[in-house]
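Engineer: Before I ask anything, here is the structure I am working with.
The values are calculated or read from the model by the stated rules, or taken from the named source; none is laboratory data. Model, not experiment: these values are computed from the prediction. Reconstructed Cβ throughout: ideal geometry from the backbone, glycine too, with neighbour counts over all protein chains shown.
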Amino acid sequence: MRLVPRRYQQEIIESIASNGNTLVVLPTGLGKTLIALALIERAKGKCLFLTPTKPLAKQHSSTIPDILGEIEGGSALVTGESPPKKRAQLYENKVISSTPQTIRNDIQKGIFPKEEVSLAVFDEAHRAVGEYAYVEIAQNLPETTLIVALTASPGGDRTKIKEVLSNLHISNIEIRSQGDPDVAPYMKKMDYNWVPVELSDEYSKAKDELSIFVKKYAQLLQSSGVRPQLFSKKAFLAQRQRLFNMSHPSRFRLIYLYSCLLHALHIQELLETQGRVPVFKYLEKLSGADSKSARAVSQSPEMRRILSLLESGNEHPKMLKLLSLLDSLKAKKAIVFVQYRAQISQIVSELGKAGHTARPFMGKREDFTRKMQEETMEAFRNGEFDVLVASSIGEEGLDIPEVDSVIFYEPIPSEIRSIQRRGRAGRFKEGSVYVLMTKSTRDEYYYWAARKKEKKMKEILLSFQKELRAGKTLSEVLAKGEKKASKAKAARKAPAKEKAKRGKVPPQEERKVGQNSITDFF
């Protein structure tokens, strides 16, 4: 046996052996994969190691023989690129590394021998929600299969965590965080820095102009009885479907106003956090669209004034801050994470002009192929360039041990993605994380939203862990949460007058809701 688990890893392994299906939550770099390998080494029957992407599956498939040596019964990488007959032969191996889509499809076709699986490892288990392939696979595995779910973060939303637990039939939770005494000695020193960015005069004026434009459409919607959820992108986008589903006679006008506001908010985010080039590109896209709302926004006097302000100015000050930061990190490898794919080429170009060796790294769309992904990552490992400018595909699971620094070009509200991004640095040596944050913009809101969700995530997991270890079944734990949620929902829907009587809202805030009012839908 080449694998010698650390003490906390051994404790988690023993907990899994004693308590069954387990969600393992560990910070990136603390050896979730090694826990899976130790369990594979112990397993008597067929083992399934699932991971979201082919590069990750390939990585795990290589790691298994490197760590465990030759596997009795064989080990194989299976992808959809192999024909069905070939896959059927590969499934005769004891250990299968694969993507979930391939396994789900082969379960449906009857090719995959699901009844033989004794251990199933679900890497990046936070994906086990909705219609993702993990869910259907877990439903089809025998009850005797031991399920081990690995993630650095299942999220800070109670409902989503419950969905992951339910979909993967979890009966045990093992969670460790950076400050826990048993893992702290293994954590590499990590410096976290948020870097404030001040908007220039031109950008500040354009921002103010755009705020007035946004407010105009928000007020038009509100005067019609729809209160747009401007402080949560997720909540605001959810309103769209509700508008489409309602049968009110003003529906089409409301959808038009909503669409105008949606375009304006996106432009606002691009202006505040990205720069003028993405704004120009988006407005150009709107001007050529066959949509009344797109034309109304792109051809408005307000947008013409905003364009005029940006055309006379320089690039977003965040770009200058990035160049300055990378100058101070010379001779160190860095990943710059960028939210908007269209910005990646612009940043790579600007870095090149400033003397930095940089390359893009994106998902498989347009002209960026899988071969280019693999070649780019190999060149980065070999030191052929110093800065990788990556989209979200670089966040999850890639093994890049030589990275010194991670730079967020903008904060993101997702706690899962924030944790994944930070985990790209400090895996095998000391590292640093920098978050560029434009002051007095949604950058600040997104930054603190993610921080709050991370804290909440640990509290939720520990509460679930406590109840499971107290002897409650998963069904009992989830049912308890449902009761709490139902009570909270009922309280929110209580008539405003009753709330006022209980002293929860001032009487002057009561709102009358007519039988056919738009507010009946919201």
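Engineer: Has region 181-191 got any residue that is free of Cβ contacts under 8 Å to residues at least 60 places away in the same chain and either within 30 Å of L310 (Cα to Cα) or not in a helix (DSSP H, G or I) (or both)?
Structural biologist: yes
Engineer: Can I ask one more? Could you tell me whether P52 is in a loop (DSSP other than H, G, I, E, B), within 30 Å of the chain's Cα centre (by Cα) and over 28 Å from E374 (Cα atoms)?
Structural biologist: Criteria not met by P52.
Engineer: Please indicate, with yes or no, whether at least one residue in region 284-304 is surrounded by 19 or more Cβ atoms within 10 Å (Cβ to Cβ) and among the charged types (D, E, K, R).
Structural biologist: no
Engineer: Then there's this: Can you tell me which residues in region 349-374 are part of a helix (DSSP H, G or I) and over 17 Å from F337 (Cβ atoms)?
Structural biologist: S349, G352, K353, R370, K371, M372, E374
Engineer: Which of the residues that make up region 102-145 are in contact with a His (Cβ under 9 Å, 6 or more places away or on another chain) and small (G, A, S)?
Structural biologist: Across region 102-145, the qualifying residue is only A138.
Engineer: Go through region 247-263 and give me each residue that's buried (at least 16 other Cβ atoms within 10 Å of the Cβ) and outside any helix (DSSP H, G or I).
Structural biologist: H248 - this is the single residue of region 247-263 that is buried (at least 16 other Cβ atoms within 10 Å of the Cβ) and outside any helix (DSSP H, G or I).
Engineer: Would it be correct to say that K353 is assigned by TED's automatic domain parsing to the domain that holds Y409, loosely packed, with under 15 Cβ neighbours inside 10 Å, modelled with pLDDT under 80 and more than 21 Å from V433 (Cβ to Cβ)?
Structural biologist: The answer is no for K353.
Engineer: Here's a follow-up. What tally of residues in region 1-47 results from selecting those that are outside any loop (DSSP other than H, G, I, E, B), surrounded by 14 or more Cβ atoms within 10 Å (Cβ to Cβ) and not charged (D, E, K, R)?
Structural biologist: Counting residues in region 1-47 that are outside any loop (DSSP other than H, G, I, E, B), surrounded by 14 or more Cβ atoms within 10 Å (Cβ to Cβ) and not charged (D, E, K, R) gives 20.
Engineer: Please enumerate the residues belonging to region 71-114 that are among the basic types (K, R) and not in a helix (DSSP H, G or I).
Structural biologist: K94
Engineer: I'd like to know if region 165-185 contains one or more residues that are modelled with pLDDT of 90 or more, in contact with a His (Cβ under 7 Å, 6 or more places away or on another chain) and not charged (D, E, K, R).
Structural biologist: There is no residue in region 165-185 that is modelled with pLDDT of 90 or more, in contact with a His (Cβ under 7 Å, 6 or more places away or on another chain) and not charged (D, E, K, R).
Rundown of residues vs (1) modelled with pLDDT under 90; (2) among the aliphatic types (A, V, I, L, M); (3) within 22 Å of P411 (Cβ to Cβ), yes/no style:
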position	(1), (2), (3)
R422	yes, no, yes
F428	yes, no, no
M437	no, yes, yes
A449	yes, yes, yes
E454	yes, no, yes
K458	yes, no, yes
R469	yes, no, no
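Engineer: Next question, about the same structure. Spot the failing condition for K188; the list is (1) surrounded by fewer than 18 Cβ atoms within 10 Å (Cβ to Cβ); (2) on the phi > 0 side of the Ramachandran plot, and only one is missed.
Structural biologist: Single failed check for K188: (2).
Engineer: Here's a follow-up. Among the candidates R365, R341, R370, which residue alone is modelled with pLDDT under 90, surrounded by fewer than 16 Cβ atoms within 10 Å (Cβ to Cβ), of a type outside the set (F, W, Y) and within 20 Å of the chain's Cα centre (by Cα)?
Structural biologist: None of the other options fit; the residue is R365.
Engineer: Looking at S312, S259, S293, which one is touching a residue at least 60 places away in the same chain (Cβ under 8 Å) and either polar (S, T, N, Q) or touching a strand residue (DSSP E or B) at 6+ places or on another chain (Cβ under 9 Å) (or both)?
Structural biologist: Just one listed residue meets the conditions, S312.
Engineer: Identify all residues within region 273-283 that are assigned to a helix (DSSP H, G or I) and buried (at least 23 other Cβ atoms within 10 Å of the Cβ); write none if there are none.
Structural biologist: T273, V279
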